[in-house]
Amino acid sequence: MSGGGRASSGQILVLSWLVVVPSLSQVRHSLPVLWIMPLTDNPGRGNLTASLLPAVQLALDDLSRQQTPLRNYEINFHVIDSECNIAKGLKAYFDAICFGPKYLMIFGGVCPSVTSVIAESLQGWNLVQVSFLLY
């Protein structure tokens, strides 16, 4: 630079780096998690997961506002309806595995008959399943 106001290529490179690097650190990478739940009403039992969905969404919103737990990652739940039916749950599961994103894990529960059958196939897909029980 000879004092005429022209920037050297090194200065442009440094300025570009200062602008681009902070914006790259703001990018959140998706961690897709498949959530297998009955979303429809069961005769005599009602909708088993109606109260869970808002609670999980609240927890995810809280995690996304914090920097420390997930840093630049974001959990994205992909919810499928098992209807507490083994055949329908398996079909929905295999459709999601074959046509959806590559899932990090499977989250399920509520209907042990469905989740136990799905759990038997997870090793072949290199997945883990986290389940829970509702009382």
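None of the figures in this text is laboratory data; all of them are computed from the coordinates on show. Since the structure is predicted, the reported quantities are computational estimates derived from the model, not experimental observations. With ideal geometry, Cβ positions are generated from the backbone for all residues, glycine too; neighbour counts draw on all protein chains shown.
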Which residue, chosen from 39, 109, 63, occupies the Cα position most advanced towards the positive end of the dipole of the range 29-132, where the dipole is computed from +1 (Lys, Arg) and -1 (Asp, Glu) charges on Cβ about the Cα centre? 63
Rounded to the nearest 20 Debye, what is the dipole magnitude of the range 29-132 about its Cα centre when Lys and Arg each give +1 and Asp and Glu each give -1 at the C-beta? 140
Residues with amide H under 5 Å from that of residue 110, placed H, sequence gap 5 or more: 132, 134
With the Cα gyration tensor of the range 29-132 giving a ≥ b ≥ c as the square roots of its eigenvalues, does the rule (a/c under 1.5 for rounded; else a/b larger than b/c for prolate; else oblate) give rounded, prolate or oblate? oblate
Contact order relative to length for the range 59-114, counting C-alpha pairs under 8 Å separated by 6 or more residues, stands in percent at 29
What does DSSP give for the range 29-132 in terms of the percent of beta bridges that are antiparallel, rounded to the nearest 5? 5
How much length would be gained if the chain were fully extended between residue 128 and residue 53, taking 0.36 nm per residue of separation minus their Cα-Cα distance, in nm to one decimal? 24.9 nm
